[in-house]
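The values are calculated or read from the model by the stated rules, or taken from the named source; none is laboratory data. Remember, predicted model here, so these are calculated numbers, not experimental data. Heads up: the accessible areas ignore ligands, DNA and RNA and are worked out on the full protein's heavy atoms, side chains in. Shrake-Rupley method; radii C 1.70, N 1.55, O 1.52, S 1.80 Å.
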Amino acid sequence: MKQTPLLLVTLILLVFGAGCTDSVEVNASENTTPAPVLYYEQENTSITLNLSEVTVDVPGNFTANVTMVLETLLADQRAGILLENGWNITSVRMASNEDDPNRAYVEVEFRHDGLSFFIGVDETARRTLDGRCGAEWWLSTPVSGPLPEGYHQATDKSTKTYHVFDERNKRVAMIYNDTTIFYLYPSYSIINMEGILG
């Protein structure tokens, strides 16, 4: 007999406790703002870009509109080539021109398989700038030291292009210049790669 009132009180507390938990969860979801999303769309390809996954490096006076920067970037052919081949936009940061340190621009980093590629964006003019790979530079000279184990790049002076090599897999990973990606392993090529890949 004494157990019945105790069970009844326990049951009532559980019912009220469950109700309180539900109301807290509802209030929390009402205050959550969904992360901004952009889409890269080209013919039959649609890639979702969740801006909450992009790191924004915020030095003291970083004022760029990241959404506008990425919208400008998505119109660049290089961005499309990288995204369609599995690269991700990982960070946005302010950078400055080597020749004119007062001329700042935004630099967007793409990453894939431990390799970075950066494309500059002039937010004011709403246009993209030069691109560069983050691979280590290496020259075949006695003072260069041993060949890097991962990625490295070198300049082909005859074609004025940069070649990025994946030393782990013994292949060319990318060929580019300041404004164009000519080749991206494994499938993108607008140049004749016969004989280059061995």
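A straight chain from residue 99 to residue 159 at 0.36 nm per residue would run longer than the Cα-Cα distance by 19.2 nm. Surface exposure of segment 36-182, expressed per residue as accessible area with a 1.4 Å probe, stands at 57 Å². The slack in the chain from residue 90 to residue 147, taken as 0.36 nm per residue of separation less the alpha-carbon distance, amounts to 17.7 nm. When a 1.4 Å probe is rolled over the protein heavy atoms, the share of accessible surface on segment 36-182 that falls to carbon and sulfur comes to 46 percent. Centroid-to-centroid, using Cα positions, segment 116-151 and segment 62-85 are 18 Å apart.
Volume per residue for segment 36-182 equals 146 cubic angstrom (convex hull of Cα atoms).
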